[in-house]
1. Taking the Cα centre of the chain as the origin, how large is its charge dipole in debye, to the nearest 20, when only Lys and Arg (+1) and Asp and Glu (-1) carry charge on their Cβ atoms?
2. Say the dipole of the chain comes from +1 at the beta carbon of Lys and Arg and -1 at that of Asp and Glu; which of Ile140, Ile48, Asn64 then lies farthest toward its positive end?
3. Using each residue's phi in the range 116-125, evaluate 6.51 cos²θ - 1.76 cosθ + 1.60 at θ = phi - 60° and report the 3J(HN,Hα) Karplus result to the nearest Hz, with x for Gly and Pro.
4. Sort 152-158, 115-121, 16-22 for me by packing, meaning the mean count of neighbouring Cβ atoms within 10 Å per residue, highest on top.
5. Can you compute 3J(HN,Hα) from phi for each residue in the range 126-136, using the Karplus curve 6.51 cos²θ - 1.76 cosθ + 1.60 with θ = phi - 60°, rounded to whole Hz and x for Gly and Pro?
6. List the lysines whose alpha-carbon lies under 27 Å from that of Lys118, not counting same-chain residues fewer than 8 positions away?
7. Give me a comma-separated list of calculated 3J(HN,Hα) values for the range 11-18, in order, Karplus coefficients 6.51, -1.76, 1.60 applied at θ = phi - 60°, integers in Hz, x for any Gly or Pro.
8. Simple spin-label model, 7 Å along Cα-to-Cβ: Asn71 to Leu39 in nm?
Amino acid sequence: MRTSLKIATILTWINLIIWGLISFLGILASFMASNAAPLIISFLMGAIVLHSYAALQLHKSIRNPAVPLSNQTPVGIRFIGFVALFFGVLYIGDGIAVLQNAKEFMKMLQPYMGPQPKNFNPTAFVRGMGGFFLLAGASIVINVILNIRLLRWYFLMKGVV
């Protein structure tokens, strides 16, 4: 379980930082555009951040058994974890779709991109975007699964089953 705890801690911090930044930028974008759509999406993406925070509390309780786990933390890891898992699977699907159809996706984005520098390769940009979606989704999914397993292990060690 030590290896799972280390991997989960690394993925939790990565998800907390990246998705916290993305959610924060989405909230700022919604204020700048005076549009509610980015705000709603940012709050939904906040589920990943909330799950990561609850997972850090679990990790703290696992490392130091004297620190009790809050009553709401297991619910956050399970319920919010399934919402985050949904987004992770969604991002994996998006990443696969973008990587399989990079040229068609680039044609769809062309009107929105504006003028481009000479050495800009749009297909490589779209493939990089698809790779990011794939890695981000895998990071979320693996993190949620590991943290749910760690929660189950924590309850087994505490004898709360």
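1. Here the chain has a charge dipole of around 500 debye.
2. Sorting the options by dipole projection puts first Asn64.
3. Once rounded to whole Hz, the list reads 10, x, 4, 8, 7, 9, x, 5, 5, 4.
4. For the peptides 152-158, 115-121, 16-22, the packing ranking is 16-22, 152-158, 115-121.
5. Each residue's phi maps through the Karplus curve to give 5, 5, x, 5, x, x, 4, 4, 5, 5, 5 Hz.
6. Lys118 reaches Lys103, Lys107.
7. So the J values, rounded to whole Hz, are 5, 5, 5, 4, 5, 4, 6, 5.
8. A separation of 3.3 nm, rounded to one decimal place.
Each reported figure results from applying straightforward, stated rules to the coordinates on display, with no laboratory input. Since we're looking at a predicted model, the values are computed, not measured. Note: ideal-geometry Cβ built from the backbone for every residue, glycine included; neighbour counts use all protein chains shown.
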